[in-house]
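Undergrad: If you scroll down you'll find the structure; I have some questions about it.
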Amino acid sequence: MVDFIGRMFPPNTAVAKTVLASTLETLQMAFAGTVISALVSFPLGLLGAENLSPSWVHQPVKGFLSILRAIPIILLALMFVSTVGLGPFPGVLALAVHSTGMLGKFYAEAFENASSGPLEALESSGANWIQKVRFGVLTQVAPDLVRDTLFRFELNLRESLILGLVGAGGIGFYIQLYIRSFQYDKVATLTIVLLVIVVLVEQLSVAIRKRLR
Amino acid sequence: MELSSNVEDKSNLREIGKAQAENAISIRDVKFRYTNRSPYVLNIENLRIQKGERVSIIGPSGAGKTTLMRLINGVIEHESGEVKILGKTFDGGSKKSRGFRRRIGFIYQNFNLIDRASVFENVLWGRVAYINPLFSLIGRFCERDKQAALSAIDEVNLTQHMNQRTDTLSGGQMQRVAIARVLVQEPEIILADEPVSNLDPALTDDILNLLAEVSENHKVTLIMNLHQTDLAQRSAERIIGLRSGEIVYDSSQERLFNHVPKSLFDPEVTSLKMPKNRN
């Protein structure tokens, strides 16, 4: 282990250009995967919420979301790599599908936690289902949705590294490439950049969540 | 506003009006229970409330006051009998349309405001029945709706708090927002379910006076659930006593308005029953 770490120093900065490009690709993958999954999870969350959908709708939807969560992300990535080829695209698809299982459940729970009193008041004013969701539910749970989505983005950033190991692009792809060719000094540069990115994204996420209370 | 000072002046006008008035609410032989096996929580043979009346429903906890309100508002559906509201008859199971629900305003004990939204937003959203549901997706309201909201906020004296979040307001202010939200609906009936039970005595008078003022100014039928008999006598023209889901007292059929039977709240007395009068 000491030998392994020893060979990582000093970090090789000659790969800076590759590092920047692959970091950007990783961020793009995590971002695209999160956005797609948020867009899909939103209607699924509405359909999966007990207070907004009848039981014959919300129970199958919740079951479907459980199945999505149960499939390991590596398996999804391997499936998509074999169907659409190498690169960031299968990575994005794997992240989107896996995240939907989690975000859909989180969104549904957020919707269920919306206080029922204001919803009853809106219904009494003549609101239909769409208006109850728009004015009653979303206004109450918007900070929760943003918090959950940011949390998933942080997770996706880490997950996208692992996906790189199976050929789904991003910084993870170069990490496994350099490790296999024993270029540990380059791995060190990638690891440092990665640490900085993860910490920055976390700090940004915390700052946004604080403002949304 | 001093409630008692206006009662005599307005009573003559009201009497003339009522002689020609239609019923705002007419309930006949209505029974309701929450499940098939549970006992009936509402069993009303005959109740008529005329348009423009200011009625207080009193009774002990569990008497069915809130259930009656919810029945009128259409949140629950009756099992048998006939409910006629604003000229429209509802059989058990018939749904009320958006446009119809708009005509009945509901003021809640717990205000039921959206905490994170401003006073203006909470009031404006009382206009939902007036806008196209698709426009509501982008939260778009027309100028007329915004003016109605501003006017209602002004009427309850909250203009200076208009942009404040409702979770930063006092209890009395929150109930004022709830009243303004009902006003923008331009309702014909206002149902207030224990509107002052979360307020201190000073705010209680303040809110009851405001409700009386609003019902006078807008010619709205006002029905309030109240726990205290003295509050009901001060703020309503008619008192209806409920017990075990049945109407056991109605001041409109009694000689003395101020004589509310104390036995209404006495669990030992079990023989309370209104004489049958089906008008």
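Undergrad: Which condition number in (1) modelled with pLDDT of 85 or more; (2) open to solvent by 30 Å² or more (accessible area, probe 1.4 Å) is the one that A:Val206 fails?
TA: The one condition A:Val206 does not meet is (1).
Undergrad: Give region B:101-126 a look and list any residue that's more than 7 Å from chain A (Cβ to nearest Cβ), open to solvent by 10 Å² or more (accessible area, probe 1.4 Å) and either under 18 Å from the mean Cα position of the chain (by Cα) or within 18 Å of B:Leu208 (Cα to Cα) (or both), or say none.
TA: Result: B:Arg103, B:Gln109, B:Phe111.
Undergrad: Just one of the numbered conditions (1) in contact with a helix residue (DSSP H, G or I) (Cβ under 7 Å, 6 or more places away or on another chain); (2) outside any helix (DSSP H, G or I) is not true of B:Gln109; which one?
TA: (1)
Let's see how each residue does on (1) surrounded by fewer than 16 Cβ atoms within 10 Å (Cβ to Cβ); (2) in a loop (DSSP other than H, G, I, E, B):
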site	(1), (2)
A:Phe31	no, no
A:Phe42	no, no
A:Ser53	no, yes
A:Lys62	no, no
A:Ser82	yes, no
A:Phe89	no, no
A:Leu119	no, no
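Undergrad: Which condition number in (1) more than 9 Å from chain A (Cβ to nearest Cβ); (2) under 16 Å from B:Val184 (Cα atoms); (3) in a helix (DSSP H, G or I); (4) open to solvent by 10 Å² or more (accessible area, probe 1.4 Å) is the one that B:Ala129 fails?
TA: (1)
Undergrad: In addition: What tally of residues in region A:64-80 results from selecting those that are open to solvent by 80 Å² or more (accessible area, probe 1.4 Å) and β-branched (Val, Ile, Thr)?
TA: Kept after step one, since they are open to solvent by 80 Å² or more (accessible area, probe 1.4 Å), are these residues of region A:64-80: A:64, A:67, A:69, A:75, A:78-79.
From what's left, β-branched (Val, Ile, Thr): A:67.
Total satisfying the criteria: 1.
Undergrad: Same structure again: Which numbered condition in (1) open to solvent by 10 Å² or more (accessible area, probe 1.4 Å); (2) closer than 22 Å to A:Glu120 by Cβ; (3) out of contact with any helix residue (DSSP H, G or I) (no Cβ under 6 Å at 6 or more places or on another chain); (4) not charged (D, E, K, R) is the only one that B:Gly87 fails?
TA: For B:Gly87, the failing item is (2).
Undergrad: Now a separate question. Pick out the one residue from B:Phe135, B:Phe141 that is in a helix (DSSP H, G or I), open to solvent by 10 Å² or more (accessible area, probe 1.4 Å) and either of a type in the set (A, V, I, L, M, F, W, C) or at pLDDT below 90 (or both).
TA: From the options B:Phe135, B:Phe141, the qualifying one is B:Phe135.
Undergrad: Return the residues of region B:144-163 that are of a type outside the set (D, E, K, R), open to solvent by 20 Å² or more (accessible area, probe 1.4 Å) and either more than 24 Å from B:Asp200 (Cβ to Cβ) or out of contact with any helix residue (DSSP H, G or I) (no Cβ under 6 Å at 6 or more places or on another chain) (or both); say none if nothing qualifies.
TA: To start, the set of residues in region B:144-163 that are of a type outside the set (D, E, K, R) comprises B:147-153, B:156-163.
Checking which are open to solvent by 20 Å² or more (accessible area, probe 1.4 Å) leaves us with B:147-148, B:150-151, B:157, B:159-163.
Those that are of a type outside the set (D, E, K, R), open to solvent by 20 Å² or more (accessible area, probe 1.4 Å) and either more than 24 Å from B:Asp200 (Cβ to Cβ) or out of contact with any helix residue (DSSP H, G or I) (no Cβ under 6 Å at 6 or more places or on another chain) (or both): B:Gln147, B:Ala148, B:Leu150, B:Ser151, B:Asn157, B:Gln160, B:Met162, B:Asn163.
Undergrad: Residue by residue through region B:160-187, note down the ones that are away from chain A (no Cβ under 14 Å) and either of a type outside the set (A, V, I, L, M) or touching a Lys or Arg at 6+ places or on another chain (Cβ under 9 Å) (or both).
TA: Residues of region B:160-187 away from chain A (no Cβ under 14 Å): B:160-164, B:169-173, B:176.
Within region B:160-187, B:Gln160, B:His161, B:Asn163, B:Gln164, B:Leu169, B:Ser170, B:Gly171, B:Gly172, B:Gln173, B:Arg176 meet the criteria.
Undergrad: Looking at region A:120-149, I want the residues that are within 9 Å of chain B (Cβ to nearest Cβ) and at positive phi and have a partner that is among the hydrophobic types (A, V, I, L, M, F, W, C) and open to solvent by less than 40 Å² (accessible area, probe 1.4 Å) with Cβ atoms under 9 Å, at least 6 apart or on another chain. Which pairs are those?
TA: Qualifying pairs under 9 Å: A:Gly126/B:Phe100; A:Gly126/B:Val128; A:Gly126/B:Ala129.
Undergrad: Does B:Val196 meet the test of being open to solvent by less than 20 Å² (accessible area, probe 1.4 Å), in a helix (DSSP H, G or I) and either more than 14 Å from chain A (Cβ to nearest Cβ) or closer than 30 Å to B:Pro60 by Cα (or both)?
TA: Taking the combined requirement at face value, the residue does not satisfy it.
Undergrad: How many residues does region A:169-183 contain that are free of Cβ contacts under 8 Å to residues at least 60 places away in the same chain, open to solvent by less than 70 Å² (accessible area, probe 1.4 Å) and not hydroxyl-bearing (Ser, Thr, Tyr)?
TA: Number satisfying all stated conditions: 3.
Undergrad: Report the residue count in region B:62-84 for those that are within 14 Å of another protein chain (Cβ to nearest Cβ), open to solvent by less than 50 Å² (accessible area, probe 1.4 Å) and hydrophobic (A, V, I, L, M, F, W, C).
TA: 4
Undergrad: Pairs, please: C-beta under 9 Å, at least 6 apart or cross-chain, first residue touching a residue at least 60 places away in the same chain (Cβ under 8 Å) and in region A:54-75, second not in a helix (DSSP H, G or I)?
TA: A:Ile74/A:Val166
The values are calculated or read from the model by the stated rules, or taken from the named source; none is laboratory data. Keep in mind the model is a prediction, meaning the values are calculated, not measured. Quick reminder, even Gly has a Cβ in these numbers, built from the backbone with ideal geometry, and neighbours come from all protein chains shown. Side chains are part of the model used for accessible areas, which takes the heavy atoms of the whole protein and leaves out ligands, DNA and RNA. Shrake-Rupley method; radii C 1.70, N 1.55, O 1.52, S 1.80 Å.
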